[in-house]
Amino acid sequence: MKIILVDDDRMALDGISRMLHWDRFNGQLMGCATSGDEAVALLEEHHPDVVISDIRMPGMDGLDLARYLYEHCPNTRMILISGHGEFEYAQRALQYQVTDYILKPITRAKLNSLEDRLAAINAELTADVPPWYACDEALRTQVSQALHKGDMAAMGELLISNDVFRSLSDRRDVLGIQLLNYLFLYQEELGKDRASLDAMRQKAMEEYWKLTTQQERLAYLAAQYYDLMEYAENRKSEYANPIVSYCLQAIQDNYSDSNFNISNLADTLHLSLSYLSTVFKNATGQNISNYLSARRLERAQALLRDASIPIKDVCFSSGYDDPRYFAKFFKKHTGMTPSEFRNLYAGCPSTASGEAAP
C-alpha cells in the first residue's frame with residue numbers, strides 16, 4: 001500500500017515515518033512533502049493509496065489538499081492531522097470523504113490506532129473487487145468525454161455495461177457514488193454555484209442510498225446524466241460565445257503581463273481549465289495556451305526589431321519573467337535566438353500590426 005506524508009514541519013515528518021510499523025499494514029512510503037503543492041506533485045508521480053497530512057500549512061493546506069484528492073484522485077484515502085482548536089475546521093473536510101483524523105499531540109497510542117486504520121484500508125484495497133474499482137481514471141475519462149461531447153449514446157452504453165450494472169448491487173457501491181460525483185464536478189465546470197452544488201450533491205447521495213435495486217439505481221443515474229446533458233446542450237451556445245469573447249479580450253489586454261496565465265483566467269471565469277480549453281478550441285480551432293504564447297511571441301518579435309530596447313526588457317515586456325526561459329522558448333519557435341533575430345531583422349518594419357515599443 002503506497003503512502004505519502006505531508007507536513008510543513010520536517011521534524012514531524014521524520015518522526016511519523018520512523019515511528020510507524022510499516023510492515024504491519026504492508027505500507028510503502030513513497031515520499032514526504034512539506035506543502036500541499038509538493039504533495040500534488042507526489043500524487044501525480046506515485047498515485048498513492050493513502051495521504052496522511054497536517055491540516056494547517058501555508059499556501060495549499062490540508063483542507064485544500066483534501067478537496068484536490070476528492071476531485072482528482074477519488075480512490076486515494078486521506079487521513080488528516082489536526083490540533084484541538086482545528087477540529088471544527090477539520091470537520092469541513094467531511095464533504096471531501098476524509099477517512100479519519102489524528103488529534104495532536106501524536107502519541108504512541110494514537111499511532112497504534114493509525115496503524116489499525118491503515119491495516120483495515122489495506123485489507124479493503126486487497127479484497128476482490130469489480131474491475132471498474134481499480135480503473136477509476138479510465139472510467140472518469142470515459143464519462144468526461146461523453147459529457148463534453150454531449151454523447152448520450154456513449155453514456156447510455158457505459159451505464160448498461162455489465163461492469164457498471166453489477167457494481168450497483170454491491171452494498172458499498174463505490175462506482176455509483178463515483179458516477180454521481182463526476183456528474184456534479186461537470187456541473188461545476190459549467191459554472192454553477194459551488195454552495196448550491198454541494199447541497200444538491202448531498203441530496204442526490206441521500207436519494208441514491210435509499211434505492212435498493214440495481215434497476216432503481218441505474219434509472220436514477222441515467223435520469224440524472226441525461227437531464228444534465230440536455231441542460232448543457234441547451235446552454236452551450238449561450239455560454240460559449242461570451243466566454244471566448246472574454247478570453248480573447250483578456251489575452252489582448254494582459255498578455256504582456258508575466259503574472260497573467262490561463263489558469264488565472266479560468267479561475268476568474270469560475271470554470272475548470274479543461275472546460276475553458278475545450279470551449280475555446282471548439283470555437284476558434286486553436287489551443288488557448290498556444291494562442292497566448294503566439295501573442296507573446298509576436299510582441300517579442302516586434303520589440304526585437306528596435307535595437308534600442310535591451311533584450312532583457314523585450315523579455316519582460318512580452319510577458320516573461322525569466323530571460324533564459326524566454327530565449328529558449330523564442331529559439332524553439334523561430335529557430336533563432338533573440339540576438340540572432342535582432343541581428344537579422346533590426347530596422348525592418350514590424351509585421352505584427354499594432355505592436356510597438358512601450
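The values are calculated or read from the model by the stated rules, or taken from the named source; none is laboratory data. If you're wondering where the values come from, they're calculated on a predicted model, not measured in any experiment. Because the Cβ atoms are built from the backbone with ideal geometry, glycine has one as well, and the counts that use them run over all protein chains shown.
Among the residues of region 145-180, what is the count of those that are modelled with pLDDT of 80 or more and either within 24 Å of His270 (Cα to Cα) or surrounded by 14 or more Cβ atoms within 10 Å (Cβ to Cβ) (or both)? Please lay out each step first, then the result.
Step one: of region 145-180, the residues modelled with pLDDT of 80 or more are 145-147, 151-159, 179-180.
Narrowing further to those that are either within 24 Å of His270 (Cα to Cα) or surrounded by 14 or more Cβ atoms within 10 Å (Cβ to Cβ) (or both): 145-147, 151-152, 154-156, 158-159, 179-180.
Matching residues across region 145-180 total 12.
State all residues of region 7-33 that are under 28 Å from the mean Cα position of the chain (by Cα), exposed (fewer than 14 other Cβ atoms within 10 Å of the Cβ) and modelled with pLDDT of 90 or more; if no residue qualifies, say none.
Matches in region 7-33: Gln28 only.
Looking only at region 34-45, which residues are small (Gly, Ala, Ser) and either in contact with a strand residue (DSSP E or B) (Cβ under 6 Å, 6 or more places away or on another chain) or surrounded by 19 or more Cβ atoms within 10 Å (Cβ to Cβ) (or both)?
To start, the set of residues in region 34-45 that are small (Gly, Ala, Ser) comprises 35-36, 39, 41.
Across region 34-45, the qualifying residues are Gly36, Ala39.
Go through region 207-230 and report how many residues are surrounded by fewer than 17 Cβ atoms within 10 Å (Cβ to Cβ) and either assigned to a helix (DSSP H, G or I) or of a type in the set (A, V, I, L, M, F, W, C) (or both). Before you say what the answer is, go through the steps one by one.
Just the residues of region 207-230 that are surrounded by fewer than 17 Cβ atoms within 10 Å (Cβ to Cβ), to begin with: 207, 209-210, 212-213, 215-216, 219, 222-223, 226-227, 230.
Still in the list and also either assigned to a helix (DSSP H, G or I) or of a type in the set (A, V, I, L, M, F, W, C) (or both): 207, 209-210, 215-216, 219, 222-223, 226-227, 230.
Residues in region 207-230 being surrounded by fewer than 17 Cβ atoms within 10 Å (Cβ to Cβ) and either assigned to a helix (DSSP H, G or I) or of a type in the set (A, V, I, L, M, F, W, C) (or both): 11 in total.
Condition (residue is in a loop (DSSP other than H, G, I, E, B), on the phi < 0 side of the Ramachandran plot and modelled with pLDDT of 80 or more) applied to region 340-358: is it met by at least one residue?
no
Of everything in region 63-84, what is over 20 Å from Asn122 (Cβ atoms) and hydroxyl-bearing (Ser, Thr, Tyr)? Give them in sequence order.
Step one: list which residues in region 63-84 are over 20 Å from Asn122 (Cβ atoms), which gives 63-68, 70-72, 82-84.
Correct list: Tyr68, Tyr70, Ser82.
When Gln91 is evaluated against the numbered criteria (1) in the same structural domain as Ile16 (by TED's automatic domain parsing); (2) within 23 Å of the chain's Cα centre (by Cα); (3) modelled with pLDDT of 60 or more, which criterion, by number, is the only one it fails?
The one condition Gln91 does not meet is (3).
What tally of residues in region 262-272 results from selecting those that are surrounded by fewer than 16 Cβ atoms within 10 Å (Cβ to Cβ) and either at pLDDT 80 or above or touching a Leu at 6+ places or on another chain (Cβ under 6 Å) (or both)? Walk me through it before giving the result.
Residues of region 262-272 surrounded by fewer than 16 Cβ atoms within 10 Å (Cβ to Cβ): 263-264, 267-268, 270.
Filter again for either at pLDDT 80 or above or touching a Leu at 6+ places or on another chain (Cβ under 6 Å) (or both), leaving 263-264, 267-268.
Total satisfying the criteria: 4.
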